[in-house]
Amino acid sequence: MLKITVLCALVIALVSNTVLIINLIQIKKQNASLKQDALRYEKKAKQLSTVAQSRFQPSKIKVKPIKEYTYDNSETAGEIMSTAEAQAIYESDEKYRKVGLDGIIAPNPFGNPSINRGRVTDKLAQKYMLRMIDHPKERTRRQVDWLASAVQINKAGLIHQNIYRNILNRWRNIYDFSHLKEDRQKIIDLQDKGE
């Protein structure tokens, strides 16, 4: 009986040691994995820090004359340059501070440089949309993208944001101007209500 008890104790000790060794191996693997993750995150943080520093050090960016920046149709939101480039221009000359950083990144394509995307009100959105509806030459990709972005940003608290968004998204996403009569009537109805 004593032999069986001793044998059981040895088996239990052997199993316990085996489990402990397996757990220790798994912990070491996890530690190695965590160290690799930490190194990866540290490397990524350094890269992001470098990008952030370049954004906030406009003197390191070569600024072209603002007229040389052109709108690329593959871009969206009516933006013609990166935030870092716009920041460099904003810092370079006092006159650009009047239009604000957004007015440099995405200049107003409707001809009013003092109105940036954040300052588009219901009245302006309706005016710009009617302009595009009534004048085919005004229906450029940049104008549609810019106004759609302004409606999305909605800093002026647009009352009819959903109406504008639905129309502009159709114009923007599939370049569908086949419902201009109905679109015009919706905008005119809003104006008639004084909204």
Query raised in the report: Is it true that some residue in the stretch 75-97 is among the basic types (K, R), touching a Lys or Arg at 6+ places or on another chain (Cβ under 8 Å) and free of Cβ contacts under 8 Å to residues at least 60 places away in the same chain?
Result: no
Report summary line: Of the residues in the stretch 140-180 that are surrounded by 14 or more Cβ atoms within 10 Å (Cβ to Cβ) and of a type in the set (K, R), the one that is nearest to P109 (Cα to Cα) is R142
Requested in this report: Please give the helices (runs of 4 or more DSSP H) falling wholly within the stretch 116-195 in which 1 or more residues are of a type in the set (D, E) and touching a Leu at 6+ places or on another chain (Cβ under 6 Å).
Outcome: 122-134
Query - Matching option when the condition is charged (D, E, K, R), in a loop (DSSP other than H, G, I, E, B), surrounded by 14 or more Cβ atoms within 10 Å (Cβ to Cβ) and modelled with pLDDT under 90, among E91, E75, E85 - result: E75
Query raised in the report: Does R117 satisfy the criteria of being surrounded by fewer than 21 Cβ atoms within 10 Å (Cβ to Cβ) and within 24 Å of I187 (Cα to Cα)?
Result: no
Query raised in the report: Looking only at residues in the stretch 128-139 that are surrounded by 15 or more Cβ atoms within 10 Å (Cβ to Cβ) and among the charged types (D, E, K, R), which one is nearest to the chain's Cα centre (by Cα)?
Result: R139
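So that you can scan it fast, the table gives a plain yes or no per residue for (1) surrounded by 10 or more Cβ atoms within 10 Å (Cβ to Cβ); (2) modelled with pLDDT of 80 or more; (3) part of a helix (DSSP H, G or I):
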| position | (1), (2), (3) |
| --- | --- |
| I25 | yes, yes, yes |
| A32 | yes, no, yes |
| Q36 | yes, no, yes |
| Y41 | yes, no, yes |
| A45 | yes, no, yes |
| S49 | yes, no, yes |
| A52 | yes, no, yes |
| K64 | yes, no, no |
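The values are calculated or read from the model by the stated rules, or taken from the named source; none is laboratory data. The structure displayed is predicted, hence computed values, not measured ones. So basically every Cβ, Gly included, is an ideal-geometry build from the backbone, and we count neighbours across all protein chains shown.
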